[in-house]
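Structure first, then comments.
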Amino acid sequence: MFPGIPMLNYDVVVIGGGPAGMAAAARAKELGLNVLLLDENDYLGGILPQCIHPGFGLHYFREELTGPEFAARLAKRLVELGVEYRTAARVMEIRNYSDLEKVVIFTSPSGAYQAWAKAVIYAAGARERHAFEIGIVGDRVAGVYTAGEAQTLMDIYGVLPGKEIVIVGSGDVGLIMARRFALEGAKVKAVIELMPYPGGLARNVMILRDFDIPLYLSHKVVEVRGKGRVERVKVVKVDENLNEIPGSEFWIEADALIISAGLVPSVKKLTAIGVEIDPSTGGPVVNDRLETSVPGVFAAGNALLINDLVDYVAEQGELAAEGAKEFIENGGIESRKWIRVEKGENVRLLAPHRLSGERDVYLYLRVARPMEDVELRIPEVGKRVKLSLATPAEMLRVKLKAEEIRDAEKLTVEVVRE
Ligand SMILES: Cc1cc2nc3c(=O)[nH]c(=O)nc-3n(C[C@H](O)[C@H](O)[C@H](O)COP(=O)(O)OP(=O)(O)OC[C@H]3O[C@@H](n4cnc5c(N)ncnc54)[C@H](O)[C@@H]3O)c2cc1C
């Protein structure tokens, strides 16, 4: 307890007002829980309000929406349900006093607060990898942005970040940004991709052809130069082991460098209370209720693992809320045993990590390398799912029924040639 800091009381506090947190808070309220939703931004929606392109909501709302539309629908649901939420409310710390006693300390324009709760749903999203993290050296110049920063500049504040742009990374975010820049009249001089294949979905890779943007596979940006502002970037070819090939360097003139080199779950506030992290997802180890290794602390959305579809993010939020309800009602999530889920051949990451076998569950996973005509197999239970294509860009989601897995000790998930 913190004397002098106003104390609030809830069943569940949801940290993060993106789609994961909004869906979690709405579901928690529907389940009869007293819930508070907190977000540090001045608005709800997380990164959705800046994603003005379509491609959201086909599974969740059975309709294709833009990011702001998706966010608005969830916000409307929150308001209709009467969910209590605060924006401009930054969570500074979570304290875990006992299984049913947690404190979320946050600051807001009206001061600091301590919100006591029986359960916490952590939906704080992800952070972007920046230039230094991917080994780019050179001058500290204006004009180097992460994709999210550039997107915020353009789609929230109406500022074009550059006129001649080089993008690092051909994942969906980099490709969608390439289209946005081109549509706004900037020249996208190149997209540079470290891997020998594009990182984004096929439909997004088409953007490069549509706008005549060169894609350099097996290349990396290593240096940026300029006086005050980016003037040129140095690119080098890499071999199959991703080592730079001497003599292959060349320069591209540009006034902006956009780094779209992947997202990393934001987990600092979880690690501070001892939550176990899976090094391959970068997010917490969770059970099939999305409960972390700290009882009563749940995770959903990009804070759990990086999702490409917002629909899965919202689904995870709802699942975490159902977990919180069960946790609060029973004083814990019970299971006779936990079935370990392990990565087999060609599986780079997966969640959840422990299954009770008592309920149906979705496994979310990404493969290590692209392959056509493959099968997802779980040999221990004879499960086989045919897939015409599996690529690291696209998260796979597979449903396991309780009766299929109930008697297993462990499950090994592999994605292999038929
Ligand atoms: C450029 C781009 C294009 C995309 N395109 C598509 C697409 O076409 N289709 C699709 O389905 N998906 C798409 N996505 C993916 C989708 O938008 C994300 O998976 C989803 O928005 C993640 O939701 P989230 O709730 O986990 O995180 P976020 O949306 O990041 O929300 C997290 C929230 O937590 C808050 N927060 C963090 N820390 C704190 C704290 N300490 N205190 C208080 N609040 C905090 C943040 O302010 C933020 O609002 C795209 C993403 C990007 C970036």
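Taken over region 387-406, the criterion of being open to solvent by 80 Å² or more (accessible area, probe 1.4 Å) and either assigned to a helix (DSSP H, G or I) or aromatic (Phe, Trp, Tyr) (or both) is satisfied by GLU403 alone. Filtering region 270-329 to residues that are more than 16 Å from the ligand (Cβ to nearest atom) and among the aromatic types (Phe, Trp, Tyr) leaves only PHE327. Annotation note: Cβ proximity below 7 Å between a residue of region 217-241 that is within 12 Å of ALA256 (Cβ to Cβ) and a residue that is among the small types (Gly, Ala, Ser) and outside any loop (DSSP other than H, G, I, E, B) (sequence gap 6+ or interchain) occurs for VAL224/GLY138; ARG229/ALA142; VAL230/ALA256.
Checked against the criterion of being open to solvent by 60 Å² or more (accessible area, probe 1.4 Å) and within 12 Å of the ligand (Cβ to nearest atom), the candidates ILE94, ILE52 yield just one match: ILE52.
When restricted to residues that are in a loop (DSSP other than H, G, I, E, B) and among the polar types (S, T, N, Q), region 197-225 contains 1.
Here region 97-107 is the region considered, the condition is being more than 20 Å from ARG27 (Cβ to Cβ) and crowded, with 18+ Cβ neighbours inside 10 Å, and the residue that is nearest to the chain's Cα centre (by Cα) is PHE106. Counting only residues that are in contact (Cβ under 8 Å) with a residue 12 or more places away in the chain, open to solvent by 80 Å² or more (accessible area, probe 1.4 Å) and more than 12 Å from the ligand (Cβ to nearest atom), region 55-83 holds 1 of them. Would you check if there is a residue in region 226-241 being within 16 Å of the ligand (Cβ to nearest atom) and either open to solvent by less than 20 Å² (accessible area, probe 1.4 Å) or part of a loop (DSSP other than H, G, I, E, B) (or both)? For region 226-241, residues within 16 Å of the ligand (Cβ to nearest atom) and either open to solvent by less than 20 Å² (accessible area, probe 1.4 Å) or part of a loop (DSSP other than H, G, I, E, B) (or both): absent. Within region 150-192, restricting attention to residues that are open to solvent by 20 Å² or more (accessible area, probe 1.4 Å) and at positive phi, the residue that is nearest to the ligand (Cβ to nearest atom) is GLY158. Tell me, yes or no, whether region 308-321 has at least one residue that is open to solvent by 10 Å² or more (accessible area, probe 1.4 Å), within 20 Å of ARG27 (Cα to Cα) and modelled with pLDDT under 95. Yes: one or more hits.
I'd like to know if region 138-149 contains one or more residues that are open to solvent by 40 Å² or more (accessible area, probe 1.4 Å), among the charged types (D, E, K, R) and touching a residue at least 60 places away in the same chain (Cβ under 8 Å). For region 138-149, residues open to solvent by 40 Å² or more (accessible area, probe 1.4 Å), among the charged types (D, E, K, R) and touching a residue at least 60 places away in the same chain (Cβ under 8 Å): present. Which one of these is more than 23 Å from the chain's Cα centre (by Cα), within 12 Å of GLU414 (Cα to Cα) and in a strand (DSSP E or B): ARG384, ARG366, ARG348? So the residue among ARG384, ARG366, ARG348 that is more than 23 Å from the chain's Cα centre (by Cα), within 12 Å of GLU414 (Cα to Cα) and in a strand (DSSP E or B) is ARG384. Taken together, the residues in region 23-40 that are out of contact with any Phe, Trp or Tyr (no Cβ under 9 Å at 6 or more places or on another chain) and open to solvent by 10 Å² or more (accessible area, probe 1.4 Å) amount to 5.
Cβ-Cβ distances below 6 Å connect the following pairs, each with a first residue in region 318-340 that is under 20 Å from ALA300 (Cα atoms), a second residue that is open to solvent by 60 Å² or more (accessible area, probe 1.4 Å) and not in a strand (DSSP E or B), and a separation of six or more residues or different chains: ILE328/LYS118. Pairs are defined by a Cβ separation below 9 Å, a sequence spacing of at least 6 or placement on different chains, a first member in region 395-418 that is in contact (Cβ under 8 Å) with a residue 12 or more places away in the chain and farther than 13 Å from ASP288 by Cβ, and a second member that is small (Gly, Ala, Ser) and assigned to a strand (DSSP E or B); the pairs so defined are LEU396/ALA390; VAL415/ALA390.
What do you reckon, is VAL188 under 15 Å from ASP255 (Cβ atoms), assigned to a loop (DSSP other than H, G, I, E, B) and among the aliphatic types (A, V, I, L, M)? Can you show your working first?
Values: under 15 Å from ASP255 (Cβ atoms): yes; assigned to a loop (DSSP other than H, G, I, E, B): no; among the aliphatic types (A, V, I, L, M): yes.
Criteria not met by VAL188.
Of the residues screened, GLY67 is one that is of a type outside the set (A, V, I, L, M, F, W, C), touching a His at 6+ places or on another chain (Cβ under 9 Å) and at pLDDT 95 or above. The numbered conditions (1) of a type in the set (A, V, I, L, M, F, W, C); (2) assigned to a helix (DSSP H, G or I); (3) within 19 Å of VAL264 (Cβ to Cβ) are all true for LEU194 except (2). Summed over region 242-269, the residues that are away from the ligand (no atom under 16 Å from the Cβ), among the charged types (D, E, K, R) and more than 15 Å from GLY135 (Cβ to Cβ) give a count of 2. When residues in region 242-261 are screened for being buried (at least 19 other Cβ atoms within 10 Å of the Cβ) and either in a loop (DSSP other than H, G, I, E, B) or small (Gly, Ala, Ser) (or both), 5 of them pass.
The values are calculated or read from the model by the stated rules, or taken from the named source; none is laboratory data. Keep in mind the model is a prediction, meaning the values are calculated, not measured. Neighbour counts are summed over all protein chains in view; Cβ atoms, including those assigned to glycine, are modelled from backbone coordinates with ideal geometry. Quick note on the areas: whole protein, heavy atoms, side chains included, nothing else; ligands and nucleic acids left out. Shrake-Rupley method; radii C 1.70, N 1.55, O 1.52, S 1.80 Å.
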